[in-house]
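Participant: The structure's right below; bear with me while I get my questions together.
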Amino acid sequence: ASIDDVDIINTVDDKVQELMQTLSSTSNSKSQISLFFTETKSRKAWFSKSEEEVCWEEWTVHVQSKAGAQTEKERVERHSSAVDQCKRVIFSAIQEIDKHKDHIPLIATSQANPFPYHITVAPASGLWSSMIKRAILPGIS
């Protein structure tokens, strides 16, 4: 099975490039890319109604860059290989979720995409506060 949704492919491409830029800023750096699947739930209060996104599945890939590329050609080859590996892992996660649907929440909306997803990239320094803020506040990249 392959992923044929152009929006998903483009989002993964953009986020993997963001990850590579984060890692290329320093040698021997660590970062991570996370894939969150959420559902939108209605919350009722006394005089209002609001919606919140609740995460029902998360996949996190930890990545570490290594110094040592001696030539420009080696650096380009390593970069290309790292990009391909990250994309393969993320697409594999999406395909696994598609294969095993027994844990997916019931669809409670008529939206085209009933389960929004977010892909976040942690800063190379690994600051969790920034990662958590981006995960909690949808739309922040």
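Participant: Among the residues of segment 98-109, are any open to solvent by less than 90 Å² (accessible area, probe 1.4 Å), modelled with pLDDT under 65, out of contact with any Pro (no Cβ under 7 Å at 6 or more places or on another chain) and closer than 24 Å to Ser29 by Cα? Before you say what the answer is, go through the steps one by one.
Facilitator: So the first thing to find is which residues in segment 98-109 are open to solvent by less than 90 Å² (accessible area, probe 1.4 Å), and the list is 103-105, 109.
Narrowing the set further to residues that are modelled with pLDDT under 65 leaves 109.
Next cut, out of contact with any Pro (no Cβ under 7 Å at 6 or more places or on another chain) only: 109.
Now drop any that are not closer than 24 Å to Ser29 by Cα, which leaves none.
Checked against the condition, which is being open to solvent by less than 90 Å² (accessible area, probe 1.4 Å), modelled with pLDDT under 65, out of contact with any Pro (no Cβ under 7 Å at 6 or more places or on another chain) and closer than 24 Å to Ser29 by Cα, segment 98-109 yields no hits at all.
Participant: Out of everything in segment 12-55 that is surrounded by fewer than 17 Cβ atoms within 10 Å (Cβ to Cβ) and among the hydroxyl-bearing types (Ser, Thr, Tyr), what residue ends up being modelled with the lowest pLDDT?
Facilitator: Among residues in segment 12-55 that are surrounded by fewer than 17 Cβ atoms within 10 Å (Cβ to Cβ) and among the hydroxyl-bearing types (Ser, Thr, Tyr), the one modelled with the lowest pLDDT is Ser25.
Participant: Which of the residues that make up segment 59-74 are modelled with pLDDT of 80 or more and open to solvent by 100 Å² or more (accessible area, probe 1.4 Å)? Give the steps one after another, and end with the answer.
Facilitator: Start the filter on segment 59-74 by keeping residues that are modelled with pLDDT of 80 or more, which leaves 59-64, 71-74.
The answer is His62, Gln64, Glu72, Lys73.
The values are calculated or read from the model by the stated rules, or taken from the named source; none is laboratory data. Here the structure is a predicted model, which means the values were calculated and not measured. Here Cβ is always computed from backbone atoms with ideal geometry, including for glycine, and neighbour counts include all displayed protein chains. Ligands, DNA and RNA are stripped out before the accessible areas are found, and what is left, the full protein with its side chains, is counted by its heavy atoms. Shrake-Rupley method; radii C 1.70, N 1.55, O 1.52, S 1.80 Å.
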